[in-house]
Each structure stands twice: as structure tokens, then as C-alpha cells.
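Step one of this worksheet: look at the structure below.
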Number of protein chains: 2
Amino acid sequence: MTSDALVIFTPSGKRGRFAHGTPVLTAARQLGVDLDSVCGGRGICSKCQITPGVGSFPKHGVTVSPDALSEWNAVEQRYKDKRGLIEGRRLGCQAKIMGDVVIDVPPESQLHRQVVRKAASIRAVKMDPATRLFYVEVAEPDMHEPSGDLERLARALKDQWQIDRIEAGPAVLRKIQPVLRKGNWGVTVAAFRDHHGGPTRILDVFPGLYEGALAGLAIDLGSTTIAAHLCDLRNGEVLASGGIMNPQIRFGEDLMSRVSYAMMNPGGDVEMTKAVRTAIDALAVSVADEAKVPPQAIMETVVVCNPVMHHLFLGIDPVELGQAPFALATSSSLSLPARDVDLTAINPEARLYTLPCIAGHVGADAAAVALSEAPQDQDDLTLIVDVGTNAEILLGNKSRVLACSSPTGPAFEGAQISSGQRAAPGAIERIEIDPVTKEPRFRVIGCDLWSDDEGFAKATEGTGITGICGSGIIEAVAEMRMAGIVDAAGLIGSPEQTGTARCQPEGRTHSYLIHDATAQNGPRITVTQGDIRAIQLAKSALYAGARLLMDEMGADRVEKIVLAGAFGAHISAKHAMVLGMIPDCPLDKVTSAGNAAGTGARIALCNIAARAGIEAQVTRIHKVETAIEPRFQEHFVNASAMPHAVDSFPNLSSVVTLPDVSFNTGGSGEGGRRRRR
Amino acid sequence: MTSDALVIFTPSGKRGRFAHGTPVLTAARQLGVDLDSVCGGRGICSKCQITPGVGSFPKHGVTVSPDALSEWNAVEQRYKDKRGLIEGRRLGCQAKIMGDVVIDVPPESQLHRQVVRKAASIRAVKMDPATRLFYVEVAEPDMHEPSGDLERLARALKDQWQIDRIEAGPAVLRKIQPVLRKGNWGVTVAAFRDHHGGPTRILDVFPGLYEGALAGLAIDLGSTTIAAHLCDLRNGEVLASGGIMNPQIRFGEDLMSRVSYAMMNPGGDVEMTKAVRTAIDALAVSVADEAKVPPQAIMETVVVCNPVMHHLFLGIDPVELGQAPFALATSSSLSLPARDVDLTAINPEARLYTLPCIAGHVGADAAAVALSEAPQDQDDLTLIVDVGTNAEILLGNKSRVLACSSPTGPAFEGAQISSGQRAAPGAIERIEIDPVTKEPRFRVIGCDLWSDDEGFAKATEGTGITGICGSGIIEAVAEMRMAGIVDAAGLIGSPEQTGTARCQPEGRTHSYLIHDATAQNGPRITVTQGDIRAIQLAKSALYAGARLLMDEMGADRVEKIVLAGAFGAHISAKHAMVLGMIPDCPLDKVTSAGNAAGTGARIALCNIAARAGIEAQVTRIHKVETAIEPRFQEHFVNASAMPHAVDSFPNLSSVVTLPDVSFNTGGSGEGGRRRRR
């Protein structure tokens, strides 16, 4: 039995053991992994392409040898010769499992592709872009007073636009002569000025009056997803938005697994750098295509991300971020040619700006949230939490701003949850449990009906009901707590204790059944005791981080809470507070900022003064390192209860009365011990 | 007969017609082209590698079709599979001539490789380099006051070296963390400051106190040869020098043929750019190897060259330089990352500096000569001529400096001369003709003996006596003039007129026999009437350019002449003046500056103030465009006589009396008409 091979699929995290010789596609189907196939495994359609990982994956507890999959076969070779295949890819229907292996399903092989929820905020941004267009009329060359075309263009920019010093790189030098002549000495210059001064750099030249696109790309580079907003640099309008999975997931789901991957595998950081750069380059093209804008019209990119992603994107080994004292290679903002980080599909002279990092665990994404939400301008003491695989937490008002990060893990994103899945059609995103009958009703992504509405079954025929996404699991746990199915300690009661057959024994603990589709060959969707524990760990980390900042601030209460991140938009203040993710606060003072990091990136993209502003602001933010604060552990333990073992929640109590149940019967129900991370 | 294929070899320019199916190696041997072979044509040694050109070569009057050589054969394939072969290369012993073709013999296939004469001048340069080393001790990271390693390094540079603002690119960001830790927080920084201000850029970091090499490369990029001096950036010492042929020769010998090649062949400029960049990158490595310095220790490069080379090197189509008004894309100096011009073998953060161009025909090489010779500091009216395929001419003193260029063509370099060859062992470089007996004696490169010295034959056995190099042909023509073998108009006399059987009829003109080695299967070395005409054209262009500047200056005489260029070192003032290459002047006021352009490059490499200085100076130099000056043609015609038809040469007359001979017998001796360029 143990001679079977362990197979772990990413990004889903689904795993199982299979006999040697099992085709990858077969294994994927048995595990319910979302791997497409049109030709039914004949090696023709290539929809089932997968990428095997090789090397050490400490997070998954496996080391993958190069022969973990069967050798490249004739069918694959024929396909490759005929249609081409990306380096490292295999056909899932042909490659057979021969040993323990980690297999990545790339986005294009997923039938139910990720709906990246990070939509552009509609917030209007004050325009003051670094790159602007200038039309000039340039003097013709004169043999008697010889001077270069660039020098006469510089003179024109000075005389007509008061632009003092210019510079131009080889790509522009190559274009300048034909463009000046084609435009009959009238040209439009795309010129970039750095907010730290220095010469104005010519990024591109166009014959005559250019009326085409001038675009910038605001990139929110998350550990799990990469979201990009293509913005018109003339008016700030979002021309298109797009998102893809971060391809680094196959090296590790969370940040620390990626750091480990870099530590354990020589050159692993280079692989990850290449993967993320290639993905961003491709994302730029796809977003530009969607907006019907040539990729060369993208003159600027702004990237916000956490410190590990920051380092990996910039080509820096993140190993120092995996151990105290968590030293960043650089914490400053960077302004450099985008080609220096291999973004080559966009304008060859395009610029890259990265926001400053606040500390080794508090990155440019937190800086972007600070830029977007401006805690330093608040009268009320405001807590801002940006929940992702890592949570960034800011607390402050006009007097002072504090920041920390907390390792929530991926549970809030539906990962490491038994029925969890990423936000995609078919995923349960909303749930309500009747406190009397204990019966659930729910909604899935892609359908506006509730599960007890007429026509729901028909409306969800296409997508099926496939799992629970991040916001769904939070709501489910909170509803279970409110319905008395889970007690304050996080234990799920037995059918007898709860009065519902939906609470079903599972080993020595219980699960709550939300939906059983096994009759239609679909999954059985439950919330297990392990799921509750995973959510408790995540929410405790988040709460403890916030509490640490409150301690530092000398505050017992916060006056305002802003939920930032993809996910803040999808959970209610009440549910978050029932869970004890956030401290108590008037419910109407809990707001969602949407993707505040993405908004910050857009602001920095469109407004050069904002860059200088956040650079200055970041130096004034006081950083708290959760990893070395002794009280963090205490806060963490106390925060395990729902909502909290010690802290009172008066505002929550005024609207919700939580059932006073306790299912601890002397140890037999303590599922926590059996939880596997 | 005309169905035979025309074969032109570069860089030698030798040409002939051969039956279809003739192997390239055979053709090369019949023409005396220097193409190596060790295995005797068995396709084993690969010493006979050649590169066929494809496309239109207006200068050679041929269009080469892709099937001008026989198809790739099994022997070549076997060699390539086993040992590898550079893209585009063929084995000369295997490839057969099937049509008109231009064939380049790369340097490594030449048995008698070029001795590039451009040796580093011994001139000491005042050191003030842009790149310097700074040792600093950096504070360790502190979790309570988080800051990036780069930021603490910046603080150390500020505190310990008063360096205010720094920046670093991805290559350095990647190194900074391991280097700081390896050096136990003591590191040496290679930092570059631009002379126009802006932040100091960190080019590299080394653990502890770095005592290794810190080098810069001064590159004199000529149309024909590329010379490089590797300099120690700490003391200016020349660590090694090297030179290679400019691989662009296969696209055209002179500048205008290359411009034509770019005009006639789409993408031709890109090909030429790639060729020269690849060559410079390889030259950098070979010079570094010679100095036993890692190529990554090269932190800076300075390039001087004429405008066409300047554009082609920077990736700019030179087409505008081929037609009035000869507009440069840019005339300013450039300071940019060397990787932007694909110099990737050296330090990834290495910088490139190009000197400013003076005008469309007067390039950064002329600026480098001005930097080296400083005409603006002279009391005497000084004429500086830098003779290459193009001649750069400067005239000036403390009051004013003028500049022009003149298209001398490659005759002065031994090209387009019947027995001409580049400076290499076996080439005649010195010659004397007895005015009474009219018998010559000579010296060849690689042997210190004169041809009438005892042991000469034995001493030259290895090299043979293979041709005449550039300085040799000038001396030969001047000696022929002094010995009364050539008249003032440039006609070679008959045996009867000159009294020597060495003057031999050749068609309707005469040649002068210098050496006949046919008995030993060697060449017959003569100076033909066509050779005299080629030299007359070249020297007339040079003289006319100088005269034009004198007109502009309102001067009839110059007080001082500096012969710059590889070649100035090898010709005597007397011979140059007999020929009328240069205006009359006291002979002791004619000096050689050696490779002044290369010296200028070295100065700019080692002294940042010199960069600012020459940039300012260039704007004050008055440019004269020979192509549009009506008097140029008149000066050119008058300069055809030796030394001159109109201008007197009193200083020359005081030391040399030229025989008053005239061999014009009514047109039959007018070889000029039959001359083919």
C-alpha cells in the first residue's frame, strides 16, 4: 500500500496515493482536480498539460526525483513536433506516475479557471503621471550648423515645453531619425520624469500628433494571484483588468514554502523569478489585448507585493526573509527599466516602479494599502487589515501609524480546507444556517439564486457545486457558530448535541454536511473539525497581530476597521466579528476597501507625487515584528476561541447573541490534536 | 569564360573568376588569399572556416544569391556535430563556388593574422576615474529598526565616504545580501558617478577588502580594425592591449559601402550592429584573458569611432549619414549601461561612455583626437591629421579650432593596392630606392634586417615576402618620386626614361618591380600605375581637407603638424611631404602622436573631468563639411601632383630636391583613365 506514489496537485493542494503507472489525468479525475481534457486522453487535444515539479518540497514533505513521471513518450513527441509544447510541460493523459510527485496544473489547463476577484476599484485617482506626451516641432538638420536629431529635439522640448535635460536609450535613438522624417519634423514624445529629479527620459517617439494609447500597468503581485489593471496614463481610466494564478504556486503555496524551496534547491530562486516574470509579461499582453491596446503602448508598470514576492520578482534570493532578523536586500522604492526585470513584451523603454517595503514582513503591498487608505489622515483610530495568504495590518490615525504582518496561511483563501477551492464558478460563496432547523442554504459563484430558490438546480447544472471558496468557509464557520453547531472553543457538536443529522461523525470528531452531490457524481461538501481548526489558526494570527498593534498604540478599542484585499469585499462585518477575525467595533464602522493594494498601485501609477508621498510616509510608519513579540503567542492563544477567550465584543453582542454551547465531553471531541497542517 | 563565378575575398579585397565547383580554399590559394589549413582540405582541422556574404554588395558590384556556394555537405555536418561551427560559417575546403560570391575570411582563419599596430601610447593619464572602490563597514540588520541591507550600505557610504545618493540595479541587489554576510559586514563597493550628476551607481560589491582587478576598456572602433586597451582604473596602467579586424568588413570595406549595404539590404544595419557588438564583446574577453583579469572586472568601456561606426554600434541605422545633410541621430556623448548595447561578457553593470561626435562626418574619434592633442591649447597653428580609411583633420590654436573629415579611402592602409596587404609579418613596411641605380632595398614586418643585409633571406624564410603594407606603399611612392621613377604628375617612366629595367611595361603603363619571388612560388611585388593613382586620390583628399581648413582659418602655412593614427607612427615627415599628403612645414615640426584617438579614449576612460571637458570643447569646434564646400574640388585637383601643382613647399625644398622629370609622352602613358576603383 505504501509503495503507491504520493501525488500532490497544485494549485488545488489535492493529494492522494496512486499505483505506479497511473496516468496523471486519471489521478486528477479521481481526486477531483480541475484538469481539462477534450480528446479523452488520446494525446491530441493537449488540454491536460501539466508541469511536474522536481526537487525538494519540504512544505509537502516530498522530494521529487526526475523520474517521478514515466519517460516522454511517442504521443507526446508527436504532439510537440506538430504543435509545440512549453518546456517542462507534459501531457497529463500520457505521463504516468512512477514516484512521489508534485504536479502543477497551469491556468490554461483548468476547465474552471480562476475568477480573479481583484477587480479595479472604481476610486477616481488624481492624475499626475510620470509619463506624459509632448508634441513638438523640431528644426531640420543644417549642414552648416551640424547637430544631432536628438539634440534638436531636446532644444524643441526645452523651447516648447520647458523640459530642461533629456536622455534617450538605444531603442529611441534607433527610432528618432525615421520618426522625425515621417512626421515631417513634427513628433510626439512620450517622456518620463523621475520624482527624484534627473533628466527627463524619452521613452518613445511617434510621427506627428500621436493619438494612440498611452498606458500603464498597475500590478498587484500576490502569492496566489497576480492582478493587473491597465490604465490610460492620460485620464486614469482602467482600460482592462486581468488576473492569473501566480505560477510560483508550484514551488510552494505560501511564502515560507517558497523561501524553503529556494533554500533547499540551488537555483530555485532563479526558477521562481523566471516563472513570475514570464507570467507578468504574458499577463501584460493579455490585458493589453483585452483593451485592444498594443503592448508597446505600456510605458510604465507599478508593482506592489509582499517582501518575498518583491525579492523573487527583482531576482533577489529571498533566503534572508526566511530567518531572523528578516533583512530585506532593499526596502526603498525602485525605479528602473522594466526590461531589467525581463518585461520585454511591453515598450522596450518602459519603466518599472516598485513601492517601498515597510519591513521584512511588511511589504510594498502594505505600503500600497497605506497609500490607498491613508491611515495617517484619519481622525478615528483605524485598523486596516489586508487579508491574503499573509495578512498586512495597519493601525493608526493622525498621530501615529503602526504596521505588522501576520502569517494567516492560505485557509482564508479556501486552501487547506477539505472542501475548499479557489473562487471559481461552482464554489459556495455565501451560506446561511437556520438556527432552529440547522439547515443550510447557500449560493455559488456564477449563479444569483440561493440553493432553496426555485430553479437553482437547473441554473447550476453547468458549473456544478464543487466546493467552498475563501469567503464561503468564513461565513460557514460563523453561521455554524451562530446556529450552535460549533461552540466557542471551535468544536463541532454531535448529532445529539446539535439536534441535526447534518453533524456526522468522522473519526473521533464531527463534520457538518452542507451539500451532498455524490448521487450526481459530484463531491460531498462538508465543514470538518480540521477545517474549523485551520480557520481558527488563521483568524487567531490575524487578531493577534491587530491586538499587538493596539497594545503598542495603548488602545483597547479601535474606532474604525477597513477590510482590504480581494476578500474583504466578500465577507460581512458581522461574520468576521463572530469569528473573532477582527476586534470588536461598531458594525457600521467596518467597511471594505476592496483591493486596496491594487488601488495603491494604481494611485502610484497615475500620480508621481503619490510616489514621493508614500516613500516619505513609509519611513514614518512604526514597524512591529510579530515574530519577536513575546505577547504575540499569548494573544494568539486567546484569539483561538470564537470570537475570543478574553476580550469582550460589546458591539457584536448588541446585535448577535451567540448560543452558549460547549461540546467538550472530556477530550474525545478534541479534534485539534488530529489536525494535520 | 564569363560563366565563371566572380569571387571576392574580404578583408583582403582579392578577387578572381573561377569555374563553378571550385572549392573556396582552392580559389583562395590561387589568389594568394591568407586562408589557413592544416589538414590539407580534408574537412578535419576547420582552420579554413569562411563566412559567405549574401545580398547586394554595390561596392563590389555583385549580388550574392543564397546558393552561391554548394550545399552544406556531410563532411561539414559531421564536423559541426562533433566540434560545433559558428552560425553562418562554412569549411572553405568543402564549400564549392557555384555563383558570384563575397567571402569573408575571419581573423582566426588567417594564418598571418593582423598585427594591429594600434599599441597603447605610453602617455601617462591623470587619474580621475568615474568608477572607484570604497570599502565600508555596514551596520547589521536590526529587527526593531527594520531597514534594507542596501539602505544600511547607503548610510555607510554617506557616513564614511560622503556619498550622498546611491542607486543599484538588479545584478547588485542580487549580490548584496550574500556579499555583506560573507564579508562580515565589511564590503568593497565599486561605485560609478556620472559627470553630469545624479545618484552614484553601485556597479558591484565584494566581500571584505577587495584587492582584485578594477578595469576599464578603451576601445578605438575603426572601420577596419578594432583596438582595445584594458586599463587599470586605479592607476591608469595599460594591463593589456588587443586588436581584431572589424567583422563588418564583409559588409563593405569602407564606410559608404556599409551605409549602402544597410540601404540595400533590409535588416542589414541590424546584422552589422550585431557583428560589431559580438566582436567587441569577444575582444573584451580576449584582452581580459591576456591580462589575467576576469572579464567581470571590466566596469567601464569607452568607445571612440567615426559617426557611421558610432551609429552601427549603438544600433542606429546609418542611412542618414549616407546623404546630405548627413544628420546624426545624436551628436552628444552617451553614458549608458553596456548591456544595453549587448556587451554581456563584462560586468553586468558595466557602463559605456561614447565621446560626442563633432558632425555627421567628424566623429567621436576626432573628438578623442582633440581630447588627446588639445589643439585649443596650442600657441602654434597646429594641423592634426588622423589617417584611416577616413581622415579626420583638425586645425587650430588657442584662438579657434576647426574640424573636417575627408574620404581618403583605404589606399593608405594598403587596400586596393595591387600588391597591398594589411600590416602583418612578411609585409614590406620600409623601402629605399637608390637615386642612381634605381635599385630598391626594403624591410619587412617581423624582421629587423634590410633586404640587402646578410642573412635577410634566411631571416624571412618563415614569413616570406608577401606584399606591401600601408606605410610601405607611401614610402615606396615617395622614394620613386625622389629617385625620378615617377614624375610630379604621378606617371611611372619607361625603362628608357628611367634607366632601369625594373620599370616594366604593363599594358599601356609601367610598373616598378620591388621584389620577384615567383621562383620560390611567392608573389611578384610591384608598384603599378594604378597604385600610384590610388595613392594620389587618397593624398589629394587629405591635402584638400587640410587646405580647406587653412582657407577657413585664413592661413597659408601651418606651424606644426601632428600625424595621428596607427599609421602616423610609421611614415616619415619627409616622405609624407614629398607625396604632398600634408602641407609644407618645418620637418622638425612634424610629429607623430601615435594612436591619438585611442589615447583620447584612454583619457576619457580614466578621467571624468576630461569627459566634461571634451563635451564642452566639441561644441566650440567649428565644423567644415567638405562635401558641400565648392573649393574642395579645386583643392583636390591641385593636390593630385606630387607634392602639389600650385602650392610651394619651401621647407621640403630646403632638404630634398625632387628630380624634374616628366614622362607624359602625349597620352599613351595616362594610366589614370584605365584605373578601376
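Observations
- The 3J(HN,Hα) values that the Karplus relation (6.51, -1.76, 1.60; θ = phi - 60°) gives for region A:327-333 are, in residue order, 7, 6, 5, 8, 10, 6, 5 Hz. Gly and Pro appear as x.
- Taking each DSSP H run with n ≥ 4 as -39500 (n - 2.57) and averaging over every residue of chain B yields -8000 deg cm²/dmol at 222 nm.
- Distant-in-sequence amide contacts of A:VAL558, defined by a placed amide H-H separation under 5 Å and a gap of 5 or more residues or a different chain, comprise nothing.
- Charge context of A:LYS274, other residues only, Cβ under 13 angstrom, K/R +1, D/E -1: -3
- In this structure the amide hydrogen of B:LYS14, modeled in the peptide plane, comes within under 5 Å of the amide hydrogens of B:PHE9, none closer than 5 places in sequence on its chain.
- Positive minus negative residues near A:LYS623 (Lys, Arg vs Asp, Glu; Cβ under 13 Å): -4
- The residues B:LEU395, A:LEU173, B:LEU513, when put in order of fewest to most other Cβ atoms within 10 Å, stand as B:LEU513, A:LEU173, B:LEU395.
- For region A:71-214, the relative contact order works out to 20 percent when only alpha carbon pairs closer than 8 Å and six or more residues apart are counted.
- Normalised by the number of residues in chain B, the average gap of Cα pairs under 8 Å and 6 or more apart makes the relative contact order 12 percent.
- Relative contact order for region A:181-318: 24 percent, from Cα pairs under 8 Å spaced at least 6 residues apart, divided by residue count.
- Estimated at 0.36 nm per residue, the fully extended path between A:THR665 and A:ALA74 surpasses their Cα-Cα distance by 206.7 nm.
- Residue exposure sequence - B:SER372, A:SER65, A:SER333 - by fewest surrounding Cβ within 10 Å: A:SER65, A:SER333, B:SER372
- Prolate/oblate/rounded label for region A:218-365 (Cα gyration tensor, a/c 1.5): prolate
- For the protein assembly as shown: rounded, prolate or oblate by the Cα gyration tensor [a/c cutoff 1.5]: prolate
- Across region A:484-497, computed HN-Hα scalar couplings (Karplus, 6.51 cos²θ - 1.76 cosθ + 1.60, θ = phi - 60°) run x, 8, 10, 8, 4, 7, x, 8, 7, x, 7, x, 5, 5 Hz from first to last residue, x flagging Gly and Pro.
- Other-chain or far-sequence residues with amide H under 5 Å of A:ASP204's (modelled H): A:ALA190
- Radius 12 Å from Cβ of A:ILE166, net charge of other residues (Lys, Arg +1; Asp, Glu -1): +3
- Cα-based shape type of region A:391-515, given that a ≥ b ≥ c are square roots of the gyration tensor eigenvalues and the cut on a/c is 1.5: oblate
Every number in this text was worked out from the coordinates using simple rules, so none of it is lab data. This is a predicted model, so every value here is computed, not measured. All Cβ positions, glycine included, derive from the backbone under ideal geometry; neighbour counts span all protein chains shown.
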